[in-house]
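Down below is the structure, laid out as structure tokens.
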Amino acid sequence: MPFNDLLGNKRISNILVSYLKNKIFPYSIIFSGPVSASINTFAQAFAKALNCTGQANDFCDHCENCEGINRGIFPDVMSLSPEGKFYKKEQIIFLIGENFKRPLRGDKKIYILNDAHKMNENSANAFLKVLEEPALSSIFVLLTHNLNGLLPTIKSRCQILKFTPPFQAEINTFLIKNGYPEDKARLISHLSLGANDPFLAKNLNQYLQKRSDALSVMVKLITKREVEDVLLDLYGRSRNRDRFLHYFNQLIHLISLFLRDIMILKINRESECIINIDLKDILMNLGEYITIDRVLFLIYRMELLFRDVQRNLNTRVLILEFIRYYTQKEVDGV
Ligand SMILES: [Zn+2]
């Protein structure tokens with residue numbers, strides 16, 4: 001599985017390959033990007049390409065070294081995660097000791113630090129010492145979803161590679177390459193964007209079920225039929241607060257995506273930019289019940305509800321607000 005087969009971020013794959021070709025490596029690199037960019041997969045790929053015996057400046061994924069790295073037992077690749085909330089100072093001191101040891105199998109030792117922003121003052125200062133004394137045979141790869149959480153003094157000593165979530169077209173090509181029929185790949189690649197999960201294909205049925213439930217709630221609210229049922233269902237669920245908040249968050253998210261699609265379809269019925277591409281006709285019909293101002297109002301309100309869920313508001317208040325947004329009389333055109 002060479003770099004070419006990884007999902008998205010081709011520009012970064014090219015940068016990594018150019019390091020390998022020129023045999024000039026930064027001592028420390030930050031891979032920064034959202035969860036959906038799979039930065040860990042790229043870090044593993046880079047480690048494999050550094051040690052692969054089957055491919056030059058790339059990786060084969062099945063030679064002894066690649067397999068060792070996949071299984072986490074290759075001696076020159078070490079992956080670390082914070083022990084507890086933050087990296088412990090002892091973990092970093094251990095790295096200082098490791099840093100000057102010679103690689104056992106290849107030319108380089110590579111240290112992958114997951115959640116690198118999770119360093120407190122002590123561990124970050126200890127890590128600065130590692131960066132101040134580069135060892136020729138070591139490469140540090142710092143993975144983070146929160147670049148701002150890293151100290152500026154650490155960032156300034158690292159090469160920073162910023163990953164983006166994969167594009168719909170990239171997910172589509174990736175799925176077709178992996179054996180999905182074209183129509184299914186198209187649907188999943190659209191849905192993946194909404195779910196913020198490029199690997200949605202693995203949990204597709206589960207996702208479709210949740211989406212269908214959310215659609216039925218939204219239809220009831222927008223057409224103002226069976227609103228009581230929605231209210232009772234939500235009250236029933238709110239007896240278990242944690243489970244309810246999880247469900248409610250997901251519900252608002254899915255409904256926000258429907259609203260977004262309805263808005264786009266109201267502007268352009270032929271748009272290919274909608275997420276729920278398989279529900280185009282249903283969403284277009286629903287759009288007949290609601291003005292564009294009202295859609296915008298509801299999208300805005302869903303954003304506020306997200307915030308209120310984070311602020312831990314009372315579940316009854318959340319439910320009533322939610323229902324009210326859809327059922328209140330339109331005032332001043334909204
Ligand atoms: Zn290999």
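The values are calculated or read from the model by the stated rules, or taken from the named source; none is laboratory data. Please read these numbers as outputs of a predicted model, since none were measured by experiment. Here Cβ is always computed from backbone atoms with ideal geometry, including for glycine, and neighbour counts include all displayed protein chains.
Checking every residue in region 70-93 against the condition of being more than 20 Å from Val130 (Cβ to Cβ) and either near the ligand (Cβ under 10 Å from one of its atoms) or part of a strand (DSSP E or B) (or both) gives at least one match. Looking for something more than 15 Å from the ligand (Cβ to nearest atom), crowded, with 16+ Cβ neighbours inside 10 Å and either in a helix (DSSP H, G or I) or under 27 Å from the mean Cα position of the chain (by Cα) (or both) - is there at least one such residue anywhere in region 56-65? Looking through region 56-65, none of the residues is more than 15 Å from the ligand (Cβ to nearest atom), crowded, with 16+ Cβ neighbours inside 10 Å and either in a helix (DSSP H, G or I) or under 27 Å from the mean Cα position of the chain (by Cα) (or both). Residues in region 36-55 that are assigned to a loop (DSSP other than H, G, I, E, B) and near the ligand (Cβ under 8 Å from one of its atoms): Cys52, Thr53, Gly54, Gln55.
Among residues of region 1-40 being touching a strand residue (DSSP E or B) at 6+ places or on another chain (Cβ under 6 Å) and of a type in the set (Ser, Thr, Tyr), the one that is farthest from Thr164 (Cα to Cα) is Ser28.
Going through Met284, Met218 one at a time, which residue ends up being more than 23 Å from Thr315 (Cβ to Cβ) and either in a helix (DSSP H, G or I) or in contact with a strand residue (DSSP E or B) (Cβ under 7 Å, 6 or more places away or on another chain) (or both)? Break it down into steps so the answer makes sense when it comes.
Details: Met218 fails: more than 23 Å from Thr315 (Cβ to Cβ).
Result: Met284 is the single residue among Met284, Met218 that is more than 23 Å from Thr315 (Cβ to Cβ) and either in a helix (DSSP H, G or I) or in contact with a strand residue (DSSP E or B) (Cβ under 7 Å, 6 or more places away or on another chain) (or both).
Given the criteria in the same structural domain as Ile15 (by TED's automatic domain parsing), small (Gly, Ala, Ser), surrounded by fewer than 20 Cβ atoms within 10 Å (Cβ to Cβ) and out of contact with any Phe, Trp or Tyr (no Cβ under 8 Å at 6 or more places or on another chain), does Gly149 qualify? In short, yes.
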